[in-house]
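These notes are about the structure you will find just below.
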Amino acid sequence: MLPTVPLPRRPLHPSDPVRQWYENELGWATVPGSPLRLAAGLRFDVLDIPAEAGVRALRHLGPTSPVALHASRSAPCGDPAARREKWPARHGKRMWLLVAAGSAEELPGLLDWLEWGALALDLTAIGAGGSIEAPLPPGVPEGVSEGVGASEGVGASEGLITADGAGTDGPGGSGPQGAAVWLRPPEPGCEVEPSLPTLSAVGGGGGAPDLVRLVDTVATQCHRVRLRRACAQPPAYS
């Protein structure tokens, strides 16, 4: 097995502490341009789900598994569901669960195996070729860097959801309106891979969370959210 070689670190960017934090403190790849985005498929993939569906899934994550929140009216880059228009009302707070790289390719087969494949779930995996908006790092005040973008919609830092359903301003403080923020930020100086849910955790003795249990819980909660929203819709009259 070849040893893991960290990505080369770029020169420090004093004028852009957000990009500096991701590239030099975490060793994560970013996408050129503004707003700042993180490349998926290299160190991690991302499960994009409604925040209310993700609350119960947090118990299947390790204490250092990174989780972000975002308020968005549009799908992240690399999301094929946006083209299929499977979920026309993709509003409100979203939760991004970081999972092991390669999980996006495994998700369709995993959902079929768990007997969720026939249902339209508001669940997307973002992998190689995709990206997400870079959440505001902890302790960085808003407006410090142009690398932190904003999107339309309610500010993600307003009324964030915790594992017990309570509200919080998030560990990174208040961010720009609509910006992504870390609910559970990654730890600088620590490899992120051991904390990410993975298929290899099934039946293994390692400390990595089990991707199968996580996806099953997420799919169940996404289905419940879909049913609640359907029941809340006013009846149609012909």
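The values are calculated or read from the model by the stated rules, or taken from the named source; none is laboratory data. Owing to the predicted nature of the structure, the values given are computational and were not obtained by experimental measurement. Note that each Cβ is placed from the backbone with ideal geometry, even for glycine, and that neighbours are counted across all protein chains shown. Just the protein is used for accessible areas: all its heavy atoms, side chains included, with ligands, DNA and RNA removed. Shrake-Rupley method; radii C 1.70, N 1.55, O 1.52, S 1.80 Å.
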* To do: Answer yes if at least one residue in region 127-145 is in a loop (DSSP other than H, G, I, E, B), at pLDDT below 65 and open to solvent by less than 40 Å² (accessible area, probe 1.4 Å), and no otherwise.
  => yes
* To do: Note down all Cβ pairs under 9 Å where the first residue falls in region 94-117 and is within 19 Å of Ser65 (Cα to Cα), the second is basic (Lys, Arg), and they're at least six residues apart or on different chains.
  => Leu98/Arg43; Ala101/Arg43
